[in-house]
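A quick write-up on the structure given underneath.
The values are calculated or read from the model by the stated rules, or taken from the named source; none is laboratory data. These figures come from a predicted structure and were not determined experimentally. With ideal geometry, Cβ positions are generated from the backbone for all residues, glycine too; neighbour counts draw on all protein chains shown. To get the accessible areas, we keep the full protein, side chains included, count just its heavy atoms, and leave off ligands, DNA and RNA. Shrake-Rupley method; radii C 1.70, N 1.55, O 1.52, S 1.80 Å.
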Amino acid sequence: MNPLSLPFLPLVRPEIDEATIAGVADVLRSGWITTGPQNQAFEAALSSFCGGRPVRTFNSGTATLEIGLRIAGVGPGDEVITTPATWVATSHVILEAGATPVFADIDPITRNIDLDLLEKAITPRTKALMPVFLAGAPVDMDRLYAIAKAHHLRVIEDAAQAFGATWHGKRIGAIGDLVSFSFHPNKNVTSIEGGALVLNNEDEAKLAQKYRLLGVTRSGHDGMDCDLQGGKFNLTDVAARVGLGQLPHLDRFTQQRRKLARAYFDGFEGGAAVKLGVGLPMRDFEHTNWHLFQITLPLERLSISRGDFMEQLKQRGIGSGVHYPPVHLFKLYRALGFKEGMFPHAERFGASTVTLPLFTQMTEEDVARVCRAVDEICTLFEIWQTCGRDVPSSDSPRRMARA
Ligand SMILES: *Cc1c(COP(=O)(O)O)cnc(C)c1O
């Protein structure tokens, strides 16, 4: 069978049911399209999902994280400890709050922030910890909160990728301090754009609401007042309706992702890629929601360039992505004094990782196809390397197979 005749398999594709599409049309016809009853219903549904804790929505996961920092009282002069192996939003919002991002390297096995290094990075100026649950895998939550408690620190969990993940049977969001989710279309559940913050009490929820809408309150002189400088971060009812339509599917989404992750492990087992040193994620079917399935390329062993590898996947009709180049090596952060060698595990991971397709409407056959393609590409690279050939980067797979 010619692999090129198969339909293109994207890295990710959101699944939105017809009832949700019809529901969005109803909202559009209702006359009320921005923050209103749908948003209220979405917040209530999210709250019951998070064990009854108060939840407030925002128009992005980035805004949610930023408000989380403000609720935690983070401001100028404070340090916030996070990981460099994340999307830039995580560290940007620390800068936005006027605080200083302090990075701790990752554990190369979990790919999440190394909690020993996190603890070592604590100084008298540390105000909060911002762990990231990369690919939806939580850190050791017991250890994290033991550290936070011992040092009297707030925690803002960047759980953007971890909606539906659990920690020993409890949902992420139902436990912990401030928990920030994202509903970007690439995340496990989407509201097109959007995010939600899980808070500890109604006072925090009221404050979050003020930060969300310019600090305006309905009390005070002339029935309106403003006592803090909030932003404009509210979620529209159209977006909220999309999010609401996703929640009933969440458990199925997570189960399907876990099934596909298992299929990846099975598909790679004993294959050429693994033999040649391709790294697989940590096997975990209890905690993670399998937001991403990320392999690492054996860059030391095979003269593979990641760009060439991804191009080869694309020529076989398979999408892929990179999550993430380490944040501290971006220009903005280099200008703050960060440089190569500071966080070697995040740097090695960032340079070698490739994210493979994983979304709910994929089948186990699709996964098998990706595994075969990865095995085939790694074998080709090894043959080229043994022959001392330059890797033809923009050639077609068939011509290369003949070469
Ligand atoms: C997606 C993501 C964000 C930001 O969420 P947006 O909704 O895109 O603003 C923040 N942190 C991490 C780890 C993410 O994956």
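Here are a few things to note about the model shown:
- For ALA135, the conditions (1) outside any loop (DSSP other than H, G, I, E, B); (2) more than 14 Å from the chain's Cα centre (by Cα); (3) surrounded by 23 or more Cβ atoms within 10 Å (Cβ to Cβ); (4) aliphatic (A, V, I, L, M) all hold with the exception of (2).
- Note on the stretch 197-239: residues that are farther than 23 Å from ALA44 by Cα, hydrophobic (A, V, I, L, M, F, W, C) and either open to solvent by 70 Å² or more (accessible area, probe 1.4 Å) or not in a loop (DSSP other than H, G, I, E, B) (or both) total 2.
- Output for the stretch 105-124, where each listed residue is free of Cβ contacts under 8 Å to residues at least 60 places away in the same chain and more than 15 Å from TYR324 (Cα to Cα): LEU115, ASP116, LEU117, LEU118, GLU119, LYS120, ALA121, ILE122, THR123, PRO124
- Among the residues of the stretch 15-39, the ones that are open to solvent by 60 Å² or more (accessible area, probe 1.4 Å) and not polar (S, T, N, Q) come to 11 in all.
- Some residue of the stretch 180-196 being in a helix (DSSP H, G or I) and more than 10 Å from the ligand (Cβ to nearest atom): no
- Residue, nearest to the ligand (Cβ to nearest atom), within the stretch 288-342, restricted to residues that are open to solvent by 10 Å² or more (accessible area, probe 1.4 Å) and of a type in the set (Ser, Thr, Tyr): TYR324
- PHE253 at pLDDT 95 or above, within 14 Å of the ligand (Cβ to nearest atom) and not in a loop (DSSP other than H, G, I, E, B): no
- Considering each residue of the stretch 272-281 in turn, none proves to be charged (D, E, K, R), in contact with a strand residue (DSSP E or B) (Cβ under 6 Å, 6 or more places away or on another chain) and on the phi < 0 side of the Ramachandran plot.
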